[in-house]
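Single-structure report; data block below.
The values are calculated or read from the model by the stated rules, or taken from the named source; none is laboratory data. The structure presented is a predicted model; accordingly, all values stated were derived computationally and were not measured. Reconstructed Cβ throughout: ideal geometry from the backbone, glycine too, with neighbour counts over all protein chains shown. Protein only, heavy atoms only, side chains kept; ligands, DNA and RNA dropped before computing areas. Shrake-Rupley method; radii C 1.70, N 1.55, O 1.52, S 1.80 Å.
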Amino acid sequence: MSELNVQIKSKEKSYPIFINNENLENLRTSILTFIKNNNYIIIFSRKVYKIYGKILNFPKDKIFILKDGENEKNKKNLDKILNFALSKKLTRQDYIIAIGGGVVGDISGFAASIYMRGINFIQVPTTLLACTDSSVGGKTAINTDFGKNLIGTFYQPKAVFINVNFLKTLDERQFKSGLGEVVKYGFIEKSCHSNQEFNLINFLVENHDKILSKNILTLMGLIEICINLKISVVGQDEKESGLRKILNLGHTYAHAIETLTKYKKYTHGECVVNGILFALKIAAKLEKIDKEYKFLCEDLINKFEFTHIPNFDINKIIKIMQSDKKATANEIIFILPCSYARVEEEKFTPDTLKEII
Ligand SMILES: NC(=O)c1ccc[n+]([C@@H]2O[C@H](COP(=O)([O-])OP(=O)(O)OC[C@H]3O[C@@H](n4cnc5c(N)ncnc54)[C@H](O)[C@@H]3O)[C@@H](O)[C@H]2O)c1
């Protein structure tokens with residue numbers, strides 16, 4: 001078991017991240033001990049509840065089940081979660097606990113942030129993507145017809161409980177989706193300004209087989225590296241006024257594909273990998289990176305055999321990119337690779353972007 005700490009500048013927002021592979025039957029006790037005698041509700045994703053409801057054994061009257069899928073991260077469900085919390089008479093000392101992937105984590109975190117102007121929140125990530133990325137850092141959101149994550153808050157949890165055993169039941173597609181964000185950390189590592197060096201790119205190359213066969217200790221090591229990198233970034237820039245933008249490598253293009261395909265066809269991680277390939281292409285065309293590095297990155301991505309996503313009409317993509325919350329009236333913002341494991345921000349007008357592509 002290891003415990004990492006997120007150090008946000010204002011101390012009251014700092015929180016522990018417990019990473020272990022203990023028996024899942026112990027998880028309920030660990031959480032209840034942490035929240036002491038306070039009241040709580042649990043938001044489960046449907047699939048996770050089906051598989052783990054019995055083992056975790058939380059009282060049924062405290063459980064809200066969210067249907068699966070990105071489309072469930074919406075206003076209607078937000079309203080239902082808030083009403084559920086109200087019906088259970090939760091006060092600000094109480095807790096909303098999310099058990100599931102990034103979808104459950106994002107919508108529950110948002111609900112927690114606005115319920116009585118902010119109630120305690122705990123993340124229990126159960127997908128690789130949520131374990132390595134979305135459960136830490138405090139970004140919460142729901143989607144709208146106008147685009148992804150357009151309504152949300154920065155709201156840090158009180159604790160994150162990561163138990164790697166959850167990953168055993170994750171299907172291959174969702175597992176690889178999480179690897180999409182993991183690979184991203186490899187390509188941004190040196191820009192994270194962590195005081196530790198992990199060389200994640202090498203780790204991914206050397207442990208490729210063990211990762212794909214879900215070796216538990218390798219996965220714990222991998223999660224620790226990614227979380228350490230995220231902690232380093234979020235600790236320096238909680239609200240994305242500067243450094244945190246690097247976490248968006250691959251995301252400008254990814255969000256456009258997700259919006260264009262109505263969040264139904266591809267997973268978030270699959271779109272991120274595609275977005276990284278797109279960013280590598282632009283970076284190479286602008287001669288920010290040499291051919292060797294582009295090849296190394298593409299080779300690593302190919303090794304994990306991510307789902308292939310076809311090219312989309314670039315005019316449609318650019319139009320959606322312009323409504324991204326990070327874009328300004330006439331500028332689309334990209335995070336681009338610039339040297340080994342380093343990235344930097346670049347802004348393009350839609351016309352320049354079309355020319356480059
Ligand atoms: N807040 C952030 O910083 C941040 C960062 C990255 C991504 N995200 C968001 O995360 C979301 C994607 O998260 P995700 O990839 O975890 O998808 P997800 O939450 O949709 O989960 C994927 C599927 O796996 C199932 N599942 C979860 N755990 C399981 C388990 N242990 N065994 C079997 N099935 C399991 C879920 O029920 C769901 O059907 C997107 O909405 C994305 O925008 C947020």
Handout entry: Separation of alpha-carbon centers, the range 112-181 and the range 1-59, rounded to whole Å
Key = 13
Exercise for the section: Mind jotting down the distance between the C-alpha centroids of the range 216-248 and the range 311-353, whole Å? Expected result: 22
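With 28 Å as the limit, write out which pairs from LYS168/LYS230; LYS67/LYS347; LYS326/LYS354 have Cα-Cα distances beyond it, or answer none. Can you show the working numbers first?
Working: LYS168/LYS230 24 Å; LYS67/LYS347 38 Å; LYS326/LYS354 19 Å.
Correct reply: LYS67/LYS347.
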Practice task
Return one whole number: the accessible area per residue of the chain in Å², for a 1.4 Å probe.
Solution key: 44
Practice task
Report the extension gain between THR352 and GLU172 in nm, rounded to one decimal, defined as 0.36 nm multiplied by the number of residues separating them, less their alpha carbon distance.
Solution key: 61.0 nm
Exercise for the section: Once you've got the GNM for the chain with C-alpha springs shorter than 10 Å, pick whichever of ASP299, ASP324, ASP145 has the biggest mean-square fluctuation. Expected result: ASP145
Exercise for the section: Mind giving me the FRET efficiency for LYS75 and GLU206? R0 is 45 Å, r the Cβ-Cβ distance, nearest 0.05 is fine. Expected result: 0.50
Handout entry: Accessible surface of the chain [probe 1.4 Å, protein heavy atoms]: carbon and sulfur percent
Key = 49
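Starting from the Cα-Cα distance between ILE216 and SER339, subtract it from 0.36 nm times their residue separation and give me the gain in nm to one decimal.
Numbers: separation 123, 0.36 × 123 = 44.28 nm, distance 3.16 nm.
Extra length from ILE216 to SER339 when fully extended: 41.1 nm.
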